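These notes concern the structure reproduced below.
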Amino acid sequence: MSKGCIFTDKDGSFTLNNANGKTGLYFPLASEKGLKSAISPTLNGDLKIDQNSFLLEPASIEDLSERRGGRNFWILRAGHTPWSVTGASVWQMAEGKEETVVNAKIMRHGISRLSSDGDISASVETFIPVDSTEEIHMVTIENTGDKPMTFEFVSAVPIYGRSADNIRDHRHVTSLLTQIYVNQRGVCVKPTLSFDERGHKLNERIYYVEGFDEFGEAPAYFYPEIAGFVGEGGNLEMPMTLLKGETGVKPGFKTAGGEAMGAFGFKACTLEPGESTVYITIVGTAESGDPEKENTLRYKNPSDVEKTLSETESYWASKQNISIHTGDENFDGFMKWVSFQPELRRLFGCSFLPHHDYGRGGKGWRDLWQDCLALLLYDPDSVKELLFNNFKGMRVDGTNATIIGDRPGEFKADRNGIPRVWMDHGVWPLMTTALYLDETDDLEFLMRETEYYRDGLVNRGRKQDRDWDGETLKLLDKEGRVYEGSLLEHLLIENLTALLDVGEHNILALRGADWNDAMDMAPDRGESVAFTHAYVGNLKTLASIMKRLYQKGIREISLLKEIGPLLDISPETEADPSKKREILDRFADSVMPAVSGDRIFADTKKLSETLTDRADRMADFLREQEWTEDSHPRFNGYYDNNGRPLERGKNKPHMTLTGQVFAIMSGVATEDEIKDITLSADALLFDEACGGYRLNTNFDEIKTDMGRMFGFAYGEKENGAVFSHMAVMYGNALFRRRFAKEGYKALYTLYKQSMDFEKSVIYPGIPEYFGKNGRGLYHYLTGAASWYVYTVVTELFGIKGEEGDLAIEPKLLKSIFDKNGKATIKLPFRNRPHEIEFVNESRLEYGEYRIRSVEVPEGFAFENRGDRAIVKYKESMAEETVKVTVVLG
Ligand code: G1P
């Protein structure tokens with residue numbers, strides 16, 4: 001019986017016994033050069049650069065168990081059937097006696113197994129060198145028997161070598177494009193054309209599998225085609241060639257057409273008992289190259305590979321700069337993985353792992369911004385330019401480009417002109433920018449100027465600009481020059497236009513959807529109360545930014561003249577949806593096809609006041625109109641396409657978590673309301689066996705006037721699963737309002753579920769959601785990770801930038817401290833490593849303790865306000881770790 005993943009060190013390395021006893025496990029590996037791998041315990045999964053360049057056949061989740069074509073390594077011994085190091089062999093599977101042990105650490109995957117007769121112990125270590133497009137496997141074979149063992153080693157990796165689209169679209173025809181070459185070290189494929197019926201192109205890319213032994217010696221024979229390798233009646237888990245001992249071809253062999261196989265065998269090796277040997281297999285691709293020549297000669301022997309492995313490990317270790325110590329080592333290990341997940345989303349986007357079998361790479365607008373939350377905590381300086389470039393995707397009507405290019409600041413035109421607007425998109429940039437400002441106090445950042453994106457969609461996707469030339473992707477002024485406005489102007493436009501885009505209940509129109517992508521069938525009359533709260537929160541943030549600017553002596557900001565009417569909305573206009581729409585329409589018309597380029601100057605103090613007043617008015621309105629007082633008091637979160645409230649007026653109480661999260665986070669919900677909400681959420685949404693708070697109650701209805709989510713089985717994905725991202729944001733919101741016990745419950749249940757391997761069946765980390773029977777799905781690539789780290793750092797440990805200083809306001813519950821009453825967090829702050837230790841010797845609960853004393857390094861100043869301490873930033877801080885001890889009592 002497996003005990004799940006056991007951490008073996010403080011860096012998150014773990015071991016999982018009997019990994020073959022579970023289905024659907026996968027692990028991510030990647031390089032900074034774009035190679036991305038998904039690897040299962042049987043080394044199934046795929047490997048790719050992008051949608052059009054898959055080295056191994058694309059693998060969706062079911063393929064991990066159903067498909068036979070993983071990376072495989074075989075041991076051939078006289079008198080035995082071929083033995084697979086990965087266990088992917090019909091003979092071993094039929095016998096069912098062997099166990100796969102997975103040993104993994106960040107960006108390094110290892111498996112090991114013992115043959116059922118006990119004679120062979122084998123392991124495969126897999127990694128991708130950080131600056132390469134090659135996946136390397138180091139296979140170690142040890143003679144664990146008591147007699148000398150003679151064997152031949154065969155590497156067998158099928159080469160797919162084409163676009164993922166060709167899985168269904170012309171799979172066979174595209175196999176006819178392959179040109180297969182055998183060089184000294186392996187097999188190389190260079191398809192003649194890259195297949196695309198809109199216009200085939202000559203192909204330059206090569207795909208290869210090469211290998212060498214312990215002494216750097218090349219293979220002795222090769223099987224370059226799947227058909228030849230598996231033989232008639234065979235398959236990749238029962239290769240007839242190996243069973244029958246048929247010899248392959250030699251270097252110099254060429255053929256064309258058919259599915260290629262990166263398979264080759266080495267000359268026989270004899271190991272004495274206790275002796276071991278190593279074989280290297282490299283699966284790679286290059287944009288171009290000579291297919292008849294070896295591609296891996298930079299590695300002469302296994303020690304070259306080991307050197308690269310250790311460089312790669314140091315590189316990724318340098319990226320993991322947040323670690324915690326609490327009374328629960330498992331939680332500390334879990335956090336190692338959660339903090340690495342934003343890096344994985346940076347590398348993978350939202351595609352390319354087995355559950356994420358959609359998209360063509362890249363990620364969406366909201367993901368782009370939210371992933372920066374965690375990345376900002378690690379390294380605000382390098383994220384600064386990423387943020388700056390992201391602003392280039394905003395349109396002057398407050399919407400944004402939705403097709404995000406590969407390079408920072410690159411946004412592509414949606415040439416199909418699909419006018420889909422996600423009404424939540426305007427919320428995220430300000431949230432992320434505010435974190436950057438708190439961390440660094442770099443208010444100057446807001447004054448930097450950049451362009452606006454433009455394409456054929458105008459007036460927030462409601463109209464098409466028929467005169468748009470289809471090429472110009474930057475907004476121009478009336479003189480034809482590219483118009484640039486400050487980042488602050490971009491943020492004001494995004495939020496102020498969204499706040500005018502209202503429906504009949506004076507709530508922001510749902511449009512294409514909000515954060516919940518699957519609320520996508522109420523474009524006419526749907527409204528999102530949930531995100532109206534969020535925008536009210538943003539008004540407050542904007543107001544406080546204006547105040548900070550004023551306090552820093554910046555009395556005026558320069559803005560595009562056309563923005564004027566958006567800045568001051570009177571109470572009468574505020575109360576009238578049609579007037580708001582009129583102002584929005586007039587504004588949208590005034591900025592198209594070009595802006596004036598003229599400027600007005602707005603008074604920061606006055607703006608701060610008007611924005612605050614407006615936020616207060618809207619908060620009152622939301623509490624008045626949307627608070628639902630029945631058996632389970634809560635906020636109504638949506639209106640459907642028939643204009644009816646989603647969570648009110650039904651025969652049983654319904655609730656969405658999203659509808660509560662932003663009411664709490666934005667400060668709209670009062671303390672009493674929060675108390676009620678937490679009780680209602682516990683009654684209607686909490687399901688401990690599934691990881692905590694579900695996204696919604698079961699509506700038992702396919703609401704075609706709301707969204708596709710109502711078509712999903714209840715408890716899956718956006719229909720009532722425990723959806724980690726929103727559950728974490730719920731925790732974050734509660735923490736912000738000092739409901740620490742309740743906030744922690746949301747985080748803790750997610751952690752418990754994730755790490756309960758028997759139920760979640762995932763490696764350490766947080767998945768997108770927990771579905772049927774509490775299983776973790778869509779592992780690794782989720783916005784939940786960024787929010788989890790952000791919440792643990794800034795709320796639970798309470799480490800926040802405050803105008804550039806380090807504010808410490810712990811909300812640590814007593815259960816978090818170790819047996820000595822200590823809890824520690826290590827993290828960078830303003831580019832210096834910090835270690836902050838909390839001492840709670842009497843083990844008091846949050847709410848019972850105050851900050852009694854603070855110890856800082858010599859020369860540092862601090863201020864202790866009881867519930868929070870501020871350590872003043874020092875320009876000349878030394879390189880070494882800044883150690884701070886916070887004594888609670
Ligand atoms: C995913 C998407 C995110 C979307 C969410 C809900 O969440 O990436 O943009 O808001 O589904 O539809 P994630 O997997 O990042 O948690």
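The values are calculated or read from the model by the stated rules, or taken from the named source; none is laboratory data. On a predicted model such as this, the values are computed, not experimentally measured, just so you know. FYI the Cβ positions are ideal-geometry reconstructions off the backbone, even for glycines, and counts take in every protein chain you see.
Here are a few things to note about the model shown:
- Residue match in region 858-873 (condition: assigned to a loop (DSSP other than H, G, I, E, B), out of contact with any Lys or Arg (no Cβ under 6 Å at 6 or more places or on another chain) and within 16 Å of the ligand (Cβ to nearest atom)): no
- Check on LEU812, within 14 Å of the ligand (Cβ to nearest atom), at pLDDT 95 or above and aliphatic (A, V, I, L, M): no
Condition check ((1) of a type outside the set (Val, Ile, Thr); (2) surrounded by fewer than 18 Cβ atoms within 10 Å (Cβ to Cβ); (3) farther than 28 Å from GLU385 by Cβ) across all residues:
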position	(1), (2), (3)
HIS425	yes, no, no
ALA434	yes, yes, no
ARG448	yes, yes, no
VAL482	no, yes, no
TRP515	yes, no, no
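- Qualifying residue in region 552-574 (condition: away from the ligand (no atom under 16 Å from the Cβ) and closer than 30 Å to PHE710 by Cβ): no
- Among (1) in contact with a Gly (Cβ under 9 Å, 6 or more places away or on another chain); (2) surrounded by 15 or more Cβ atoms within 10 Å (Cβ to Cβ); (3) under 19 Å from TYR748 (Cβ atoms) - the single one SER815 does not satisfy: (2)
- Filtering region 739-759 to residues that are polar (S, T, N, Q) and buried (at least 24 other Cβ atoms within 10 Å of the Cβ) leaves GLN753, SER754.
- Selection of region 708-738 for residues being within 14 Å of the ligand (Cβ to nearest atom) and at positive phi yields LYS717, GLY720.
- Long-range neighbours under 7 Å by Cβ, at least six apart or interchain, first residue of a type outside the set (Gly, Ala, Ser) and at pLDDT below 95 within region 761-789, second more than 14 Å from the ligand (Cβ to nearest atom) and not in a strand (DSSP E or B): LYS772/GLY715; ASN773/LYS759
- Any chance TYR788 is within 16 Å of the ligand (Cβ to nearest atom), of a type in the set (Phe, Trp, Tyr), within 16 Å of ARG694 (Cβ to Cβ) and surrounded by 20 or more Cβ atoms within 10 Å (Cβ to Cβ): no
- Within region 152-165, the set of residues being in a strand (DSSP E or B) and over 18 Å from TYR223 (Cα atoms) comprises ARG162 only.
- Here ARG599, ARG617 are screened, and the one residue that is in contact with a Leu (Cβ under 8 Å, 6 or more places away or on another chain) and surrounded by fewer than 18 Cβ atoms within 10 Å (Cβ to Cβ) is ARG599.
- Residue match in region 54-64 (condition: closer than 24 Å to THR308 by Cβ and without any contact (Cβ under 8 Å) to a residue 60 or more places away in the chain): no
- Among (1) within 25 Å of the chain's Cα centre (by Cα); (2) not in a loop (DSSP other than H, G, I, E, B) - the single one ASP682 does not satisfy: (1)
- Some residue of region 699-711 being in contact with a Lys or Arg (Cβ under 9 Å, 6 or more places away or on another chain) and within 18 Å of THR749 (Cβ to Cβ): no
- Taking region 223-281 and the strands (runs of 3 or more DSSP E) fully enclosed by it, the elements with 2 or more residues that are modelled with pLDDT of 95 or more and either within 16 Å of TYR208 (Cα to Cα) or in contact with a His (Cβ under 6 Å, 6 or more places away or on another chain) (or both) are at 254-256, 260-265.
- Search result, residues across region 179-200 that are buried (at least 18 other Cβ atoms within 10 Å of the Cβ) and at pLDDT 95 or above: ILE180, TYR181, VAL182, ASN183, ARG185, GLY186, VAL187, CYS188, VAL189, LYS190, PRO191
- Filtered by the rule that a residue be within 27 Å of THR192 (Cβ to Cβ) and small (Gly, Ala, Ser), region 50-69 gives SER53, ALA59, GLY69.
- Failed item in (1) more than 24 Å from ALA713 (Cβ to Cβ); (2) assigned to a helix (DSSP H, G or I); (3) away from the ligand (no atom under 16 Å from the Cβ); (4) of a type outside the set (Val, Ile, Thr), with LEU827 passing the rest: (2)
- Residue in region 626-635 that is assigned to a helix (DSSP H, G or I) and touching a Phe, Trp or Tyr at 6+ places or on another chain (Cβ under 8 Å) present: yes
- Selection count, region 602-614, where residues are under 30 Å from GLY512 (Cα atoms) and crowded, with 20+ Cβ neighbours inside 10 Å: 2
- Per-region count, region 224-253, residues of a type in the set (Phe, Trp, Tyr) and touching a Ser or Thr at 6+ places or on another chain (Cβ under 6 Å): 1
- Residue match in region 452-475 (condition: acidic (Asp, Glu) and in a strand (DSSP E or B)): no
- Flag if THR296 is over 19 Å from the mean Cα position of the chain (by Cα), surrounded by 22 or more Cβ atoms within 10 Å (Cβ to Cβ) and away from the ligand (no atom under 16 Å from the Cβ): yes
- Selected residue (criterion: surrounded by the fewest Cβ atoms within 10 Å (Cβ to Cβ)) from residues of region 860-889 that are within 35 Å of the chain's Cα centre (by Cα) and touching a residue at least 60 places away in the same chain (Cβ under 8 Å): LYS872
- Among residues that are surrounded by 16 or more Cβ atoms within 10 Å (Cβ to Cβ) and more than 24 Å from SER318 (Cα to Cα), PRO857 is not included.
- Selection status of ASN820, at positive phi and surrounded by fewer than 19 Cβ atoms within 10 Å (Cβ to Cβ): no
- Here the helices (runs of 4 or more DSSP H) wholly within region 302-409 that include at least 3 residues being within 16 Å of the ligand (Cβ to nearest atom) are 329-348, 365-378.
- Looking only at residues of region 311-362 that are surrounded by fewer than 18 Cβ atoms within 10 Å (Cβ to Cβ) and of a type in the set (Phe, Trp, Tyr), we find that the one that is farthest from ILE49 (Cα to Cα) is TYR315.
Condition check ((1) surrounded by fewer than 21 Cβ atoms within 10 Å (Cβ to Cβ); (2) β-branched (Val, Ile, Thr); (3) within 16 Å of the ligand (Cβ to nearest atom); (4) not in a loop (DSSP other than H, G, I, E, B)) across all residues:
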| residue | (1), (2), (3), (4) |
| --- | --- |
| HIS490 | no, no, no, yes |
| GLU494 | no, no, no, yes |
| LEU500 | no, no, no, no |
| HIS505 | yes, no, no, no |
| MET519 | no, no, yes, no |
| ASP524 | yes, no, no, no |
| TYR550 | yes, no, no, yes |
